[in-house]
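Participant: I'd like to ask some things about the structure below.
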Amino acid sequence: MSFKEFDLADYIRALEDFKVSQTDTVIKYWGSIENFDMFIEKIRDDEDQVAKLAIQQFGSIENYTEKMKYNLEHFSELMKTQLPEEAKKIARRSDMLYGQLTADLSEDVSSPKIQSIVHSIDLLIRENGGSVSLGKPYIHVLIDAYSSDYIKNVTDKKYKKGASDYIVKAFRYYAEKHPFGGE
């Protein structure tokens, strides 16, 4: 792939414009302009990884950028409508499962307890993922995501240092045992 295919300049410019035009919204959802600036800087630092994930999910940087621009233009209304109560329940369930998965990072990822949690995560995603088709089992997309520096940093801050690597190991073991998903 060429460098242009990994160029997030338009997306970053849209974020900078959003910060200037929607300062109150930025503060409301990110806590401060400084936090949003750190978010933008993290995207710049991990541009290759973010670009790879964007291409994986949206097919191209251009498609990703257009979708994100639309989301930024409608950010406040999306925040109000995109998180209905059912979505909040799913998010709470997901947080609970990931919390259980990362509670003891010394536990063997092949243990029935850990694999049961991973299976529950896989089911939650498949049951609530709508009709999204990624061309491969979603568990492989998660492995790629949790292997990226950006997601690893966020995950390790949320749960504990090493959580992302542990999640990847648990998901890889699961994927080896269930190559076509957890049916």
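The values are calculated or read from the model by the stated rules, or taken from the named source; none is laboratory data. Here the structure is a predicted model, which is why all the values come from computation and not from measurement. Quick reminder, even Gly has a Cβ in these numbers, built from the backbone with ideal geometry, and neighbours come from all protein chains shown.
Participant: Going through the stretch 145-157 one residue at a time, which ones are touching a residue at least 12 places away in the same chain (Cβ under 8 Å) and surrounded by fewer than 17 Cβ atoms within 10 Å (Cβ to Cβ)?
Facilitator: Within the stretch 145-157, 147, 149, 150, 153 meet the criteria.
Participant: Restricted to the stretch 9-34, and to residues that are surrounded by fewer than 13 Cβ atoms within 10 Å (Cβ to Cβ) and over 17 Å from residue 73 (Cβ atoms), which residue is modelled with the highest pLDDT?
Facilitator: Top of the filtered list is 9.
Participant: Among 68, 96, which is assigned by TED's automatic domain parsing to the domain that holds residue 150, in a helix (DSSP H, G or I) and over 19 Å from residue 152 (Cβ atoms)?
Facilitator: Working: 68 fails: assigned by TED's automatic domain parsing to the domain that holds residue 150.
Criteria check complete, one pass: 96.
Participant: Among the residues of the stretch 135-176, which ones are at pLDDT 90 or above and either among the basic types (Lys, Arg) or not in a helix (DSSP H, G or I) (or both)?
Facilitator: 159, 160, 161, 162, 169, 172
Participant: Can you pull out the residues in the stretch 54-78 that are of a type in the set (Ser, Thr, Tyr) and at pLDDT below 85?
Facilitator: Within the stretch 54-78, just 76 meets the criteria.
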